[in-house]
Amino acid sequence: YRTGDLARWTADGNVDFIGRIDHQAKIRGYRIETGEVESQLLQADGVREAVVIVREDGSGQKALCAYYTADGELAASSLRSALAQELPGYMIPSYFIRLERIPLTPNGKVDRKALPAPEAGADGGAEYIAPRTPLEAKLCAIWQDVLGLQKEVGIGDNFFDLGGHSLRATTLVGKVHRELNVDLPLRDVFRHSTVEDMAEAIANMERQEHVSIPAVEQREFYPLSSAQKRLYILNQLEGAELSYNMPGTLILEGALDRNRFEEAFRSLIQRHETLRTGFEMANGEAVQRVYPDVDFSVEHVGASEEEAAETVLAFVRPFDLAKPPLIRVGLVELAVERHLLMFDMHHIVSDGVSMDVLVEEFVRLYSGEELEPLRIQYKDYAVWQQSVGQKEQLKRQEAYWLNVFRGELPVLELPTDYARPALQSYEGRTLQFSMDAQKSEGLKRLAAETGTTLYMVLFAAYTVMLHKYTAQEDLIVGTPIAGRTHGDVQPLIGMFVNTLAIRNYPAADKTFLSYLQEVKETTLGAYEHQNYPFEELVEKVQVARDLSRNPLFDTMFTLQNTENKELQLPGLRLAPYASEEIVSKFDLSLDVTEVYGGLDYLFEYATSLYKKETIERMAKHYEQLLNAIVKSPKAKIADLDLVTPSEKEQLLEAFNPAMSELPQVQTFHRLFEEQAVRTPDAAAVVYTDKQLSYRELNERANRLAGALRAGGVGRESIVGILAERSVELLVGVIAVWKAGGAYVPLDPDYPADRIRFMLEDSGATVLLTQTSLRESAAAWLEAKETALRAILCLDDEQSYSGDGENVAIGSLTMGNANDSAESARVSADQGDSAALGSTADNGSDGSLSATGMPDGVPAETRPHDLAYVIYTSGTTGRPKGVMIEHGSLVNTAAAYRQEYRLDRFPVRLLQLASFSFDVFVGDIARTLYNGGTMVIVPKDDRIDPARLHGWIQEQQITVFESTPALIVPFMEHVAQHELDMSSMELLITSSDSCSVGDYRVLQERFGSQFRIINSYGVTEAAIDSSFYDEPLAKLPETGSVPIGKAWLNARFYIVDAHLNPVPVGVLGELCIGGPGVARGYLNRPDLTEEKFVDSPFVAGERL
């Protein structure tokens, strides 16, 4: 069964439930998991419950709305500030609505439809306080303009309560910069979200800026190039520190002349003005200033071979951009004739080609060569780039890029191991793997045969991998380009590199070859327009500024074609020294280098988002994908396999339990009859002051079954049960089964139209109800739309008094099905009697014939016959009836006994779920299959913690299952009042996701007293299919509790849209196989065909 649930495998074979696929929200291009926002809200001090949904505001814009209950006073502004520390701006709700209680459905799930719509300025309501200072007055005016407000803004007003969001916050930052000459970090808009707080923050900022920015002297300043502007802003706003350092290390072997060594670097600094340039603010603009001289000296360090790596790492430190030189050189003496040459430059004065120029010119100067003077310097290039002629050329290129980035821009939703921090962390690691010349040759041959390049083949494959990880068919990936399109700049050291943001569309139904041609055209188009600065593109397309990630793209791809020049110095040999990068500018980068005919792959990844083992798996997937492409380049992208053979075996076999022997092939009611023989006097069901033993329940069900059979109910007949919570519910269910039929539960609290639809759709000819509901039920008897022919009251035993013995049902002797239906009509036509008739009406006295079979009784119900039909909400608003067979129900009952260990203690179950919910059938399976007692809690007592505990204590309850929305506050009540729970053996959270915070508290408080598990199931797979029962140490830090592993005879598959298994950690749709899977949806062959599909993994299995 295709559940429609979004999930992913963890490395140990547990399943992380992410949420409903249709609960994913997309706001301003960002896909948001509302559950992630809820999880962070629940961690805020004072918040008890939280629900986050997406609503449209008055202008039709989608907005996140947070609903919460809290202890004591808890203002929305403090919640927003707390979230701003943990979440990126686009994930912070626009509205916070405090409720007394989160509305729940009868099944205990959150009733999202009942959540109130937010009012404009929800929870704003701040008293107007006029600005007191010129700065506050300016800010109020800026806010009013940015938010488009008519009314005046007061200093106590909250930016977000007035309708602000991350996009408007970005606009605000720009306007503050232009009008107040202050670089206000975007994150400070979230931290200081009132005018008063923001004014105070800006005032402090200005004082700091006046300290850090030197006074302008009467020297010549130069503008920054476009690339330098971006780096300067990144360095200032995001505190990127080491992210834009460009370190390098070489091994020097031989006799080193230290004086000549230092003099060579001094000559380089004198030769290249960029190495004597500082960066500062002047008149509100970032500028560069060239100094005639700078202090420079080589740092000399002594270290052993063992200390070398640590020394190289410690050498890389932040630069102060205002203080040149932005280059450091270090010399580590490992031995008399063995040194490490360390150098580090800031990216604002250097790039990849510059590093090559630096090393090459150092070698020549150390060797005593005279270098040809430079005709121009970097400042000349920067001024030239701003010239009218260049601007006109860029304007022509701009049209190309704006066309590429029209419409809504995609945000890469690559699954991560950790929640994305609110502020991008640049801490990173690298992972390297190689592909030998033979395998690489296949890729090069494919490039030659298709008229593309190796870069295009590898780049196309990378985007295909990203597509398979995200299911996105619109992706933007960055790629660097040298940017030295003018010959004059070739010998310069400086920042020339440009970034190309390349947008591709790797759709699943395209062949790789056709997609490769698209990538070729896209790439060539980008190259032809490569001079257009990436920084200006970011401004033009107005990307919402988000400090948790890079603008436009989050991943880079690079192919390095280095020439591996052999560098020679007098008496010295130079060799590269491998040292690991500890920064990652992006979430993920792939750097491929051609080396001796083979290919070296280097993944650089953000350690704040990914674990090493995740990137190791990704590297294997990329390699697997490349092999698949070389083997079948004409294959559709959907058919290119990402998963390695060993991983596929793990996903399909190791992560699923071995199929054990199926439980005894019987119907559930026959197993119940056997239990009634074993424990006839044990209590089977309790409701308030009423109780039925197993014998009494069995006998009453037998009498009712006889009446149902007499009325034409037989195999596959559907009988409606409309009743309030009572012991009669169980009588009705078991009687329907004994008669050979299947029941449809109908909740009296449902709207009349919904009940009418369910009766009509199910074709029920008989309705079991109660005297108190008979009058309203009679209306459906008259309705032409339903097939209803008779009504029977469960609480009127006189109407079905007959033989209470078990009936050994044999062959069908009543005639055909039409006769049975006719019999039902006759009974109904006899008047408004509650009775269907009795077995005597059909010529039977209830006694057995000579063959042991009663006369006029349908054939024995079989395991493949229907047990019940439960209606669940449909996405169209039309309920759909799920058909579950006896064999599936009995398999689930056997699984409960084995996995929940119900044979190790007396089962006394607290029954809370609504009768119309499949958990009720699960409660029947857990109790009656194990000789236990079901204690049905009165409706109003379910949400009263004191009464609920009274039932637990009075009835010595051992098993308690409900939703987290009910269990968490109840157990909080138990803890606060130190109530006795000594009878409890098993507590089960189910039917809705449970936050790890709540679950951790439950386990820490009560885990030593009784077993606590988190179960998962869907109606379409016979109630439950898995549960989570791991040590507390394995519980994730945030998010929802995993749903564990598939249990007895259930099989889990997490697949993409084409039913291909997805790797560990990748989001996909959870599919369930095994004997628990339903027959399908009643009268919905189209939906059954869509959701119940043949398994591509196990022959004969349905998913």
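Kindly provide the set of residues from the range 439-469 that are β-branched (Val, Ile, Thr), surrounded by fewer than 20 Cβ atoms within 10 Å (Cβ to Cβ) and in a helix (DSSP H, G or I), ordered by number.
The one that is β-branched (Val, Ile, Thr), surrounded by fewer than 20 Cβ atoms within 10 Å (Cβ to Cβ) and in a helix (DSSP H, G or I): Thr450.
Give me the pairs: first residue in the range 640-656 and farther than 16 Å from Asp12 by Cβ and among the basic types (Lys, Arg), second residue crowded, with 18+ Cβ neighbours inside 10 Å and at pLDDT 90 or above, beta-carbon distance under 7 Å, and six or more apart or on different chains, which are they?
Pairs found: Lys648/Pro1061.
Considering only the range 474-510, state which residues are within 13 Å of Thr523 (Cα to Cα) and either part of a loop (DSSP other than H, G, I, E, B) or more than 39 Å from the chain's Cα centre (by Cα) (or both).
Tyr505
So which pairs qualify, if the first residue must be in the range 307-325 and modelled with pLDDT of 90 or more, the second must be assigned to a loop (DSSP other than H, G, I, E, B) and of a type in the set (Asp, Glu), the Cβ gap must be under 6 Å, and the two must be at least 6 apart or on different chains?
Pro318/Glu241
Could you grab me the full set of residues in the range 577-606 that are farther than 18 Å from Thr479 by Cβ and out of contact with any Ser or Thr (no Cβ under 7 Å at 6 or more places or on another chain)?
Residues satisfying the conditions are Ala578, Ile582, Val595, Tyr596.
Run down Ser914, Ser873 and say which single residue is surrounded by fewer than 21 Cβ atoms within 10 Å (Cβ to Cβ), without any contact (Cβ under 8 Å) to a residue 24 or more places away in the chain and not hydrophobic (A, V, I, L, M, F, W, C).
Ser873
Yes/no matrix, rows are residues, columns are (1) out of contact with any Ser or Thr (no Cβ under 7 Å at 6 or more places or on another chain); (2) closer than 30 Å to Val935 by Cβ:
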site	(1), (2)
Lys620	no, no
Glu647	yes, no
Val665	yes, no
Asp681	no, yes
Val713	yes, yes
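Taking the range 78-101 only, how many residues are at pLDDT 80 or above, touching a Ser or Thr at 6+ places or on another chain (Cβ under 8 Å) and not basic (Lys, Arg)?
Matching residues across the range 78-101 total 4.
With (1) assigned to a helix (DSSP H, G or I); (2) surrounded by fewer than 24 Cβ atoms within 10 Å (Cβ to Cβ) as the list, and Val736 as the residue in question, which single condition is left unmet?
Of everything listed in (1) assigned to a helix (DSSP H, G or I); (2) surrounded by fewer than 24 Cβ atoms within 10 Å (Cβ to Cβ), Val736 misses just condition (2).
From (1) closer than 30 Å to Leu466 by Cα; (2) in contact (Cβ under 8 Å) with a residue 60 or more places away in the chain, pick out the condition that doesn't hold for Ser991.
Here Ser991 clears every test but (1).
Would you mention how many residues in the range 309-353 are within 29 Å of Phe496 (Cβ to Cβ), part of a strand (DSSP E or B) and of a type outside the set (Phe, Trp, Tyr)?
Adding up the residues that qualify gives 11.
Is it the case that some residue within the range 654-675 is in the same structural domain as Ile734 (by TED's automatic domain parsing), acidic (Asp, Glu) and under 30 Å from Leu730 (Cβ atoms)?
Scanning the range 654-675, I find at least one residue that is in the same structural domain as Ile734 (by TED's automatic domain parsing), acidic (Asp, Glu) and under 30 Å from Leu730 (Cβ atoms), so the answer is yes.
Residue under question is Asp161, and the condition is that it be among the acidic types (Asp, Glu) and either over 15 Å from Tyr95 (Cα atoms) or modelled with pLDDT of 80 or more (or both); does it hold?
Judged against the criteria, Asp161 is not a match.
Give the number of residues within the range 39-67 that are part of a helix (DSSP H, G or I) and modelled with pLDDT of 85 or more.
Residues meeting the conditions: 2.
Would you mind finding the one in Asp295, Asp257 that is within 19 Å of Lys323 (Cβ to Cβ) and of a type in the set (Asp, Glu)?
Within the list Asp295, Asp257, the selection yields Asp295.
Residues that are over 30 Å from Glu760 (Cα atoms): list the strands (runs of 3 or more DSSP E) wholly contained in the range 625-732 that include at least 2 such residues.
Result: 683-687, 690-693.
For the range 673-701, give me each residue that is touching a residue at least 12 places away in the same chain (Cβ under 8 Å) and either aliphatic (A, V, I, L, M) or crowded, with 22+ Cβ neighbours inside 10 Å (or both).
Listed by number, the residues that qualify are Ala676, Ala682, Ala683, Ala684, Val685, Val686, Leu692, Tyr694, Leu697, Asn698, Arg700, Ala701.
Condition test on Ile952, is it over 36 Å from the mean Cα position of the chain (by Cα) and part of a loop (DSSP other than H, G, I, E, B)?
no
For (1) surrounded by fewer than 17 Cβ atoms within 10 Å (Cβ to Cβ); (2) modelled with pLDDT under 75; (3) within 29 Å of the chain's Cα centre (by Cα); (4) part of a helix (DSSP H, G or I), each residue gets a yes or a no:
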{"residue": "Leu184", "(1), (2), (3), (4)": "no, no, no, no"}
{"residue": "Phe190", "(1), (2), (3), (4)": "no, yes, yes, yes"}
{"residue": "Gln208", "(1), (2), (3), (4)": "yes, yes, no, yes"}
{"residue": "Pro214", "(1), (2), (3), (4)": "yes, yes, no, no"}
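Taking only the range 1048-1069 into account, find how many residues are in a strand (DSSP E or B) and buried (at least 21 other Cβ atoms within 10 Å of the Cβ).
Of the residues in that region, 6 qualify.
For residues in the range 517-535 being of a type outside the set (Ser, Thr, Tyr), out of contact with any Ser or Thr (no Cβ under 6 Å at 6 or more places or on another chain) and assigned to a helix (DSSP H, G or I), which is farthest from Ala1057 (Cα to Cα)?
Glu528
So Arg276 clears everything in (1) surrounded by fewer than 20 Cβ atoms within 10 Å (Cβ to Cβ); (2) modelled with pLDDT of 90 or more; (3) of a type in the set (Lys, Arg) except one condition, right? Which one?
Result: Arg276 passes all but (1).
The values are calculated or read from the model by the stated rules, or taken from the named source; none is laboratory data. What you are looking at is a predicted structure, and each value in this text was computed from that prediction instead of being measured. All Cβ positions, glycine included, derive from the backbone under ideal geometry; neighbour counts span all protein chains shown.
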